[in-house]
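To keep things clear, I will list the structure first and then write my remarks on it.
No value in this document is a laboratory result; all are computed from the given coordinates. Fair warning: this is a prediction, and the values are worked out from it, not measured in the lab. Here Cβ is always computed from backbone atoms with ideal geometry, including for glycine, and neighbour counts include all displayed protein chains.
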Amino acid sequence: MIKDLEQELAEKLSNEMAKEIDWELMVAMMISVGWIKVSIPNSWSDMTSSFSREIKEWCRDNVKGHYNNRGRMWVFEKAEDAEWFMLRWL
């Protein structure tokens with residue numbers, strides 16, 4: 001029973017690490033073709049799900065180009081979208 005739990009936790013951790021590595025590689029490739037990376041400071045300790053949802057809603061309503069995010073890191077296809085994002089949220 002404990003072995004199963006340990007294995008399940010190890011698999012979850014491994015999968016999360018793989019997702020994080022994949023994200024970092026994808027962001028590096030996007031930046032290399034001109035995308036803009038914007039990180040929300042770690043000092044923002046109040047990144048609640050409702051606040052995160054508010055940011056995502058703002059992006060859906062205001063961003064003209066493509067964008068993506070994972071946690072506090074955002075990437076924007078268009079520089080002006082990144083600029084507006086920074087003016088609004090940073």
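Note down the net charge around GLU77, summing +1 for each Lys or Arg and -1 for each Asp or Glu among other residues with Cβ under 12 Å from its Cβ. Intermediate values should be presented prior to the final figure.
Details: positive: LYS37, LYS64, LYS78; negative: GLU80, ASP81.
Result for the local shell: +1.
Multiplying the sequence separation of LYS56 and SER14 by 0.36 nm and subtracting their Cα-Cα distance, what value in nm do you get?
On the way: separation 42, 0.36 × 42 = 15.12 nm, distance 2.72 nm.
My answer for the length gained is 12.4 nm.
Could you state the principal axis extents of the C-alpha atoms in the stretch 1-78, from the largest down, to the nearest angstrom?
For the stretch 1-78, the Cα extents along the three principal axes come out at 51, 31, 23 Å.
Mind ordering 2-12, 64-74 by average Cβ neighbours within 10 Å, highest first? Display every interim value, and only then the final one.
On the way: 2-12: 9.1, 64-74: 15.2.
Going from most to least packed, we get 64-74, 2-12.
Let's see if you can work this out: charge +1 on each Lys and Arg Cβ, -1 on each Asp and Glu Cβ, no other charges. What is the dipole magnitude of the chain about its Cα centre, in debye to the nearest 20? Don't jump to the answer; show the numbers that get you there.
Details: 12 positive and 16 negative charges, 55 e Å.
So the magnitude is around 260 debye.
Using only DSSP helix segments of four residues or longer, with each worth -39500 (n - 2.57), what per-residue ellipticity at 222 nm results for the chain after dividing by its residue count and rounding to 500?
Details: 3 runs with 56 residues, N = 90.
Taken over the chain, the calculation gives -21000 deg cm²/dmol.
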